[in-house]
Amino acid sequence: MASLFIPRIGEIALLDRLKQSTVYGNQHGRCLPGTRVKTLRTIRQWADDNTTTSRIFCLLDVAGYGKSTVAKEVVEKWVEDGWLVGRFFFSRDTTETMSAREFCSKVSDAFVGISPDLTPHIDEFKKRPDWKELSFEQQYEGLVAGPLRMLNRRAILTIDALDECGDRIELMKTLRDKQSSVPLLRTLITGRPEADIKQWVMKVDGIHMASFRELEGDNQDVEKYIRSRLEDEASDIQNRVIRRAEGLFIWARIACDLLSQALDLNGLLEDLERPSEEVSKLDSIYRVALKQAMPDDKKSRKIIILVLQMLLAMRTPLSIADLEEISPWSEKRVVQRTIARLGSLLLFQGRNDPIRLLHTTFREFFTSRERAGQYFLQLRFGHYALARGSLRILGHYSSSDINSFGQDRRG
């Protein structure tokens, strides 16, 4: 069930910007200098090689190793170097990014943003009144492949977190069939090594597949990151965190965030080092982070749980200010204080910045009763809170206000 949040007319532009930012994966930063050096060099050499027969590069590895961060790094570098770059970041956290429905349109928008010369070719295709109902392959040809052939300029398409796309079969088939039709286009794909993705990669000619272990070997990237983040702590503390991280960047990031705020440092380290038999190693760090975030009183714990239920129920990221409008609490600071307590697991920059989950595995953890245990979230309560808040906001408008809202969107 999608949330029924209805924005004020003056907030429409803001929400449009939020949607755009989720498509491009702005929640990921760039690589720490000196890390993932071999991976970055290999990807750049592949992109620069005019003689390669591999027009698609797939970086596949398990969750938490920093695939999206690498993608963000190479995209930013290509943009700085003047490349024609398009990127789509798949994520199950929003309706727009959990399927390939908007993929071709958003990618073409990204290319046009760098090279307006593409506009006439794309506009010609969009003259078809039924273009949105065409197959994925037809849209890809009309919005991406065809215009790029006309432009005849080297371009990079980055598809981040392919495993998060729920309807990826046609997308993968189209990439297979169309790769040779746009000789100057290179496509970088990241994702977890799901069975269908690996099978596709292994069967299709012209795809180069790699993992961090293959590219980096036994490297010290996570160690460098931890020592940088915990430079004010004793080397013994740094070493304990490094041993427990076992090469997972996301685990290391959350652990460093928690340690930077910890009052009982030794107690937290003991929690981090406690053996576990979780489905995913990240589950253990999520448990520790939630234990640290949960207050002692029952009422406050219920508030945190409901805020989490609302965050996971939303299909468009909202800000603290938006959540305050829609939340059931009259005291507005409740939301801000709650989000602050969950800071190690969320991404946001200010009151008006969209709140995102730190990593897709956080949602997977919370929505699995077996994995989350006492922290399992029933999203129907989040949908209920969002629906009640939306109806309350609607009650503040007259029918003419709502009609004007609809006309504004259609325009």
Item to complete: Assuming R0 = 22 Å, can you tell me the calculated FRET efficiency for the pair Lys126 and Asn152, based on Cβ-Cβ distance, to the nearest 0.05?
Response: 0.55
Worksheet item: Which listed residue (Leu175, Pro147, Asn50) has the Cα farthest towards the positive end of the charge dipole for the stretch 31-216, taking +1 on Lys and Arg C-beta and -1 on Asp and Glu C-beta about the Cα centre?
Response: Asn50
Worksheet item: Counting Lys and Arg as +1 and Asp and Glu as -1, each charge on the Cβ, what is the dipole of the stretch 65-126 about the Cα centre in debye, to the nearest 20?
Response: 320
Item to complete: Place a +1 charge on the Cβ of each Lys and Arg in the stretch 233-275 and a -1 charge on the Cβ of each Asp and Glu, then give the dipole magnitude about the Cα centre in debye, rounded to the nearest 20.
Response: 160
Response to the item:
Most fluctuating of Leu358, Leu345, Leu394 in the GNM of the chain (C-alpha, under 10 Å) is Leu394
Worksheet, complete the sentence: Taking Cα pairs closer than 8 Å and at least 6 residues apart, the relative contact order of the stretch 97-251 in percent is 20
Item to complete: Work out, step by step, the length gained on full extension between Ser368 and Ser99: first 0.36 nm times the residue separation, then minus their alpha carbon distance; give nm to one decimal.
Response: 94.7 nm
Discussion item. Translational diffusion coefficient of the stretch 31-216 at 4 °C, 1.567 mPa s, Stokes-Einstein with Kirkwood Rh over Cα pairs, in µm²/s as a whole number.
Written reply: 77
Worksheet item: How high is the FRET efficiency from Val79 to Glu331, r the C-beta distance, R0 51 Å, rounded to 0.05?
Response: 0.75
Worksheet item: Anyone know which of Leu157, Leu171, Leu265 comes out most mobile in the 10 Å Cα GNM of the chain?
Response: Leu265
Response to the item:
Counting only backbone N atoms under 12 Å from a point 7 Å out along Cα-to-Cβ of Asp205, the residues of the stretch 163-198 in range are 180
Discussion item. Under a Cβ-only charge scheme (Lys and Arg +1, Asp and Glu -1), can you give me the dipole magnitude of the chain about the Cα centre, in debye to the nearest 20?
Written reply: 580
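State, as an integer percentage, the relative contact order of the chain based on alpha-carbon contacts under 8 Å between residues 6 or more apart.
21
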Worksheet item: Which of Ser54, Ser99, Ser330 moves the most in a Gaussian network model of the chain with Cα springs under 10 Å?
Response: Ser330
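What FRET efficiency comes out for the pair Arg227/Thr53, r = Cβ-Cβ distance, R0 = 51 Å, nearest 0.05?
Given R0 = 51 Å and the Cβ-Cβ separation, E is 0.80.
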Discussion item. What whole-number distance in Å separates the alpha-carbon centres of the stretch 171-212 and the stretch 78-115?
Written reply: 17
Practice prompt. State the extension gain, in nm to one decimal, for the chain segment bounded by Ala321 and Ile237, taking 0.36 nm per residue of separation less the distance between their alpha-carbons.
Written response: 26.5 nm
Item to complete: Any chance you could get the radius of gyration and Dmax over the Cα atoms of the stretch 233-275, in Å?
Response: 9.5, 26
Worksheet entry | Expected-Rg normalisation [2.2 N^0.38 Å, Cα atoms] applied to the chain | 1.04
Fill in: Charge dipole (the stretch 296-394, unit charges on Cβ, about Cα centre) - positive-most of His383, Ala340, Ala321
His383
Discussion item. Using Cα-Cα distances under 8 Å and only pairs 6 or more residues apart, what relative contact order does the stretch 198-318 have, in percent?
Written reply: 16
Worksheet item: In deg cm²/dmol and to the nearest 500, what is the mean residue ellipticity at 222 nm of the chain if only DSSP H runs of at least 4 residues count, each as -39500 (n - 2.57), divided by the residue total?
Response: -15500 deg cm²/dmol
Worksheet item: For the stretch 135-178, what value does the Rg/Rh ratio take when both radii are computed over Cα atoms and Rh is the Kirkwood radius, given to two decimals?
Response: 0.99
Practice prompt. Give me the orientation-averaged projected area of the Cα convex hull of the stretch 251-392, in nm², one decimal.
Written response: 8.5
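Each value in this text was obtained by applying a stated rule to the coordinates, not by laboratory testing. Being a predicted model, the structure only gives us computed values, none of them experimental. Heads up, the Cβs are rebuilt from the backbone with ideal geometry, glycines too, and the neighbour counts pull from every protein chain shown.
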